[in-house]
Amino acid sequence: MAIGSGLGAQVGIAAETSYGVYAAPTKFIEFTKESLQLKKTTAQSAGIAAGRLVPLSSRRVVTQRQASGSLEMEVTNKGMGVLLQTLMGTTVTPVQQAATSAYLQTHILADTAGKSLVIQKGVPLTTGAVTDKTFLGCKVISAEFSCEVGGMLLATFEIDSKDCDETQTLAVATYPAMSPFHFGQMAVKTGAYGTETALDGIRKVSLKIERPQAVERFYAGQSGLKKEPISNDQVKITGSLETDYVATTLDDLHTSDAATSLVWDFTGPIIEGAHAERITFKVPAIRLDDAPPVVEGFDVIKPTYSFTGLYDGTNPTAIEYMSTDVTL
């Protein structure tokens, strides 16, 4: 029996072969918070019957089912590949680095058609019995990554789901040894693409990637369930850089509205040879929206620059992930 509280909860994931078709979870996420839940649409018959003062319970029907919510977690040095692939869209095979145990995943921004997940969560009763809630057809609608002074690299994945199935067998969770990326491993670089140089004074970074999709594809003949969401707008990339005012590099970019490439990197311990655990976010062009530095008192000036990520016409937005994962 599990502990009868959140201490006994679990989340497992697996990539789907077909949208909404169950696949047993193969990866188990060490999450910090989740809000996945079933959403149903009901209709109540309102037929007039002489003397009936209350609608009949037997004539309430469920006309649609779907689910949604979020997963919050620390970004770790293992097991992130499936989530990153579902966010970014490219089918990725980890590439072994020389003859070492290091494998590089390169997640390039692409359409997310055909990329969906099963997310199974186990929710403990106070008795220690764990209830199964398996979410099918999970599409990543957005993901936000952030890290600040003294903190971990955190991620929040917003999920849209086709349905919640409570008839599956709860998978037995197993967790490989892994560790989180954190502020002490963080570097931020800007400049011409491929030759970016490190920025000083960065205290916090956030980066959000939104994948707008038509999530209301409910049609006749689908038993009240949706068909796979499809992209219906351009990808939105936004973020912010919280700094101490140690140089005018970002201030000048704000003034000129010039573009710069952004590389946000976390480098961990060496895996083998010259290859270290790493996650790197690459946005080929950002433009700073606001705000220039202002003096608000005696303390060090601390401007926060919001930015929009754009395409430079040549290089894609990408997330690189180096780990010992042989497969996603």
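The values are calculated or read from the model by the stated rules, or taken from the named source; none is laboratory data. Note that the structure is predicted; figures quoted are calculated from it, not measured. Cβ placement follows ideal geometry from the backbone for every residue including glycine, while neighbour counts extend to all protein chains displayed.
Rundown of residues vs (1) among the small types (Gly, Ala, Ser); (2) within 30 Å of HIS275 (Cα to Cα); (3) in contact with a helix residue (DSSP H, G or I) (Cβ under 8 Å, 6 or more places away or on another chain), yes/no style:
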residue: VAL82; (1), (2), (3): no, yes, no
residue: GLN85; (1), (2), (3): no, yes, no
residue: ALA99; (1), (2), (3): yes, yes, no
residue: TYR103; (1), (2), (3): no, yes, no
residue: ALA110; (1), (2), (3): yes, yes, yes
residue: VAL130; (1), (2), (3): no, no, yes
residue: CYS138; (1), (2), (3): no, no, yes
residue: ILE141; (1), (2), (3): no, no, no
Next on the checklist: Here is a check on your reading of the model: is LEU83 modelled with pLDDT of 95 or more, closer than 30 Å to PHE218 by Cβ and either of a type in the set (D, E, K, R) or buried (at least 17 other Cβ atoms within 10 Å of the Cβ) (or both)?
Outcome noted: yes
Checklist entry - Inside segment 197-230, can you point out the residues that are under 22 Å from the mean Cα position of the chain (by Cα), surrounded by 16 or more Cβ atoms within 10 Å (Cβ to Cβ) and either among the small types (Gly, Ala, Ser) or at pLDDT below 95 (or both)? => result SER206
Checklist entry - What is the residue count in segment 190-207 for residues that are touching a Phe, Trp or Tyr at 6+ places or on another chain (Cβ under 8 Å) and in a strand (DSSP E or B)? => result 3
Checklist entry - Is it fair to say ALA43 is touching a Leu at 6+ places or on another chain (Cβ under 7 Å), hydrophobic (A, V, I, L, M, F, W, C) and closer than 29 Å to ILE230 by Cα? => result no
Checklist entry - Can you tell me which of GLN168, GLN213, GLN185 is farther than 30 Å from LYS39 by Cβ and polar (S, T, N, Q)? => result GLN185
Item to check | Selection from segment 244-279 of residues that are polar (S, T, N, Q), within 30 Å of GLY81 (Cβ to Cβ) and either surrounded by 18 or more Cβ atoms within 10 Å (Cβ to Cβ) or out of contact with any strand residue (DSSP E or B) (no Cβ under 9 Å at 6 or more places or on another chain) (or both) | outcome: THR260, SER261
Checklist outcome for this item: Counting only residues in segment 6-33 that are within 25 Å of VAL75 (Cβ to Cβ) and of a type in the set (Gly, Ala, Ser), the one surrounded by the most Cβ atoms within 10 Å (Cβ to Cβ) is identified as GLY12
Checklist entry - Hey, among ALA173, ALA187, which residue is more than 19 Å from THR304 (Cα to Cα) and hydrophobic (A, V, I, L, M, F, W, C)? => result ALA173
Next on the checklist: Within segment 36-45, does at least one residue satisfy the condition of being free of Cβ contacts under 8 Å to residues at least 40 places away in the same chain, loosely packed, with under 12 Cβ neighbours inside 10 Å, in a loop (DSSP other than H, G, I, E, B) and aliphatic (A, V, I, L, M)?
Outcome noted: no
